[in-house]
Amino acid sequence: MSDVAIRVEGLGKRYRIGSHKKRYKTLRESLAGVASGSLRRARSLLRGEPVRTPPPSIWALRDVTFDVRRGEVLGVIGRNGAGKSTLLKVLSRITEPTEGHAEIHGRIGSLLEVGTGFHPELTGRENIYLNGAILGMKRAEIQQQFDQIVAFAEVEQFLDTPVKRYSTGMYLRLAFGVAAHLRTEILLVDEVLAVGDAAFQKKCLGKMSEVAETGRTVLFVSHNMDAVRRLCTSVCLMRSGQLAGIGEPVSSINAYFESDAVAEYVDDGPALPGEDLRIRAVKIEQQGSARDWFEYRMPLEIAIEYEVFQPLQNLLLGFDLYTSNGVPVFRSYDLAARGMGSREPGFYRSVCRLPGEFLQPGLYYVQLLAGLHRLRWLSKEKITVGLKLAGSRESDVDFPGVLCPRGDWRVARVGACSVSP
Amino acid sequence: MVRFPGSLFLTNLVERRSLLFQLVRRDFEQRFVGSVVGWIWSVIHPLVLLLSWTFVFSVCLGVKLGPREVTQNYPLWLFAGMLPWMLFSDTVQRSSVCLLDHANLITKTIFPAEVVPVSVFLSSLVSHALALGLAVAAIALWLNHFSAMLVFVPLYIFLLGLFAVGIGWIVAGLQVYLRDTSQVLSVLLVFWFWLTPIFITEDQFPESVRFLISGNPLAYIVRAYRETLLSYRLPSAADLAIVSAYAAATFFLGGLIFRHMKRGFADVL
């Protein structure tokens, strides 16, 4: 047996769009389509025109080639629509590739969405068996792992309660617990960390590194750069369906931030039905104007403009600030400014002022966060804005570190030297 | 290793039996969840049917059967013939929409869609077994008849299962691409029902349309149910051979067609 767990060669997946607005058709439409299609074809043949242009299509995935060695933890990063989820779907054999092929050595398990396959009327215990079976576990295997799953999910007292009465947290923990205890050689996990609170995320990450330590191969899609950096042995960066690079986590994360961060984010599209909140703009300004780079010694302002469509309670709006290596520097919410985050519908502008001489010169990334506390994240799309700080110090003394506060130093001579000169 | 087409498909069915079992349970429990008497409803429905038929056909209309038939009791004769039809049409009809109900699993998990129609049949089979028990009890009480030929019933259920699942696979797969399938199917099933000797005897079919019976696998199964439940006759070996051939052919053909259609499910659902 070779030590390659997954070998992907020239993988491509094409989806047809436009001409198939409704992706399924009724019989009447099919018949009408066949009739009008053949008429059109006959007419164009008579006129000597080329027969019908192929329907418009997009390649969700194209020319993707890479190997994953056994025991590796491969992170998959990229913007929304870069083909990350399609890649996982093709690898899990849920959908067939249009071209190329993927060799997979070993039993594969996947968790593309937390809680699919749960039946709300059935109890926690029944759902563990049901979900386990869907994921491909044998009954005896589930029995063996049962106590561990229950302990992970912390639902001992509620095992015989229908899961429709579970809290969101219990539901998520149970779903992740079942998937994480799968005894498969390869585990594919899609952005499960986008849901759930910090404690849940921490638990999941812990479990995933445990899985990786047992020598199993993990493919893991995430927007959480900190998790990717800490967990993965290598990272592949996807960009509009193609593999933009694969390698060391830090360099891939660097490349991701460099390519995908914008200097300024503006969105004036229409509101979607049922949408609660829309980020309209993210701008970084210094002395009242945007610029390519900012003087690190001067204060700067990060402005977030957003529209609230429904009255919201416990809104958390803010950002994570990352270094270009994906190390989180801090997280900040606009809570303090306007009560405990309750917002009437309207257009808002939140501005966060960062002091000068606070961050070292260098490249940083501001990743937007919007969520309802302990409930859910509002924007699944990750908006990332780049922040370039430049300027040089007066002296040539080296100051390592991410931060460079001056510190409030006071120097005084408080006594005489103990050795006489 | 020599492998005939579809062997992987079949192994999958066997390997995922625990999933199959879970799906059957989920389907069955879902039907009666929250109801007080639960599964008893699957006995009450056929019982009411049987009592109404007795009232209409024996008491009011006084329907008589020909001397060649296995019994003179029309309601029980009708009931025995209706049982396999109900199992068949229930399976096929519910199979046609079953993949849409499981769309979430098919697009989001590594999920063998082919087990779903099988699970639909097995869960219909539970209701069928209860109705069958009712039929055996009614025949024993009313006609004082109990035949050892009952041991053949499971064999026919198995063959009917192969046939129904085969057709179930085809309609389930088609429905994903063409949402009219289930409507077309229910129209066809109405024709099929009346062209099968269930309400009428085979002798009442005019000579010119007898081919409807000889070419209809359901007709053989209906006949076999009546013989095994109501007479002491040994089922005819020729009939059994024909039904087996139909069942096996439909099952394999359905499986091959389904395996082919399955490729596009996740993209279309």
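The values are calculated or read from the model by the stated rules, or taken from the named source; none is laboratory data. If you're wondering where the values come from, they're calculated on a predicted model, not measured in any experiment. Here Cβ is always computed from backbone atoms with ideal geometry, including for glycine, and neighbour counts include all displayed protein chains. Surface areas here come from the heavy atoms of the whole protein model, side chains and all, with no ligands, DNA or RNA. Shrake-Rupley method; radii C 1.70, N 1.55, O 1.52, S 1.80 Å.
Points to keep in mind about this one:
- Of the residues B:R16, B:R94, B:R26, the single one that is touching a helix residue (DSSP H, G or I) at 6+ places or on another chain (Cβ under 8 Å), basic (K, R) and within 30 Å of B:W194 (Cα to Cα) is B:R94.
- Lone qualifier among A:F158, A:F152, A:F176 - being in contact (Cβ under 8 Å) with a residue 24 or more places away in the chain, more than 30 Å from the chain's Cα centre (by Cα), more than 10 Å from every other protein chain (Cβ to nearest Cβ) and under 23 Å from A:A199 (Cα atoms): A:F158
- Qualifying residue in segment B:201-215 (condition: open to solvent by less than 20 Å² (accessible area, probe 1.4 Å) and modelled with pLDDT of 90 or more): no
- The conditions of being open to solvent by 10 Å² or more (accessible area, probe 1.4 Å), of a type in the set (D, E) and either under 26 Å from A:V235 (Cβ atoms) or outside the structural domain of A:C232 (by TED's automatic domain parsing) (or both) are not met by A:E156.
- When restricted to residues that are open to solvent by less than 10 Å² (accessible area, probe 1.4 Å) and either of a type in the set (D, E, K, R) or under 16 Å from A:L122 (Cα atoms) (or both), segment A:159-184 contains 4.
- Just one of (1) under 20 Å from the mean Cα position of the chain (by Cα); (2) surrounded by 24 or more Cβ atoms within 10 Å (Cβ to Cβ) fails for B:F111. It is (1).
- Residue that is open to solvent by less than 40 Å² (accessible area, probe 1.4 Å), among the hydroxyl-bearing types (S, T, Y), under 20 Å from the mean Cα position of the chain (by Cα) and farther than 20 Å from A:S342 by Cα, where the choices are A:S251, A:S234: A:S234
- Subset tally (residues that are crowded, with 21+ Cβ neighbours inside 10 Å, charged (D, E, K, R) and more than 10 Å from every other protein chain (Cβ to nearest Cβ)) for segment A:79-114: 1
- Qualifying residue in segment B:86-100 (condition: in contact with a Lys or Arg (Cβ under 9 Å, 6 or more places away or on another chain) and closer than 26 Å to A:R93 by Cα): yes
- Flag for A:G117 being assigned to a helix (DSSP H, G or I), at the interface with chain B (Cβ under 9 Å from one of its Cβ atoms), of a type outside the set (D, E, K, R) and in contact (Cβ under 8 Å) with a residue 12 or more places away in the chain: no
- Test: residue in segment A:275-284 that is modelled with pLDDT of 85 or more and open to solvent by 40 Å² or more (accessible area, probe 1.4 Å): yes
- Members of segment B:234-267 found to be assigned to a helix (DSSP H, G or I) and polar (S, T, N, Q), listed by number: B:S244, B:T250
- Unique residue being of a type outside the set (A, V, I, L, M, F, W, C) and more than 23 Å from A:R229 (Cβ to Cβ) when the list is A:Y364, A:Y348: A:Y348
- In segment A:122-131, the count of residues that are modelled with pLDDT of 85 or more, open to solvent by 60 Å² or more (accessible area, probe 1.4 Å) and within 11 Å of another protein chain (Cβ to nearest Cβ) is zero.
- Output for segment A:44-70, where each listed residue is over 18 Å from A:I17 (Cβ atoms) and either within 13 Å of another protein chain (Cβ to nearest Cβ) or at pLDDT 85 or above (or both): A:D63, A:V64, A:T65, A:F66, A:D67, A:V68, A:R69, A:R70
- Within segment B:173-200, considering residues that are more than 14 Å from chain A (Cβ to nearest Cβ) and more than 29 Å from B:L234 (Cα to Cα), the one least open to solvent (accessible area, probe 1.4 Å): B:L189
- Checked across segment B:247-266, the condition of being of a type outside the set (S, T, N, Q), surrounded by fewer than 14 Cβ atoms within 10 Å (Cβ to Cβ) and over 30 Å from B:N12 (Cα atoms) holds for no residue.
- Only one of the numbered conditions (1) open to solvent by 60 Å² or more (accessible area, probe 1.4 Å); (2) modelled with pLDDT of 85 or more; (3) within 14 Å of chain A (Cβ to nearest Cβ) is not met by B:V59, and that is (3).
- Some residue of segment B:81-99 being within 14 Å of chain A (Cβ to nearest Cβ) and open to solvent by 20 Å² or more (accessible area, probe 1.4 Å): yes
- Only helices (runs of 4 or more DSSP H) whose full extent lies in segment B:1-115 are considered here, and the ones with at least 3 residues that are among the hydroxyl-bearing types (S, T, Y) are B:74-101.
- Selection status of A:S342, of a type in the set (S, T, Y), farther than 22 Å from A:H223 by Cα, open to solvent by less than 30 Å² (accessible area, probe 1.4 Å) and in contact (Cβ under 8 Å) with a residue 24 or more places away in the chain: no
- Residue check, A:V366 loosely packed, with under 15 Cβ neighbours inside 10 Å and either part of a strand (DSSP E or B) or at pLDDT below 90 (or both): no
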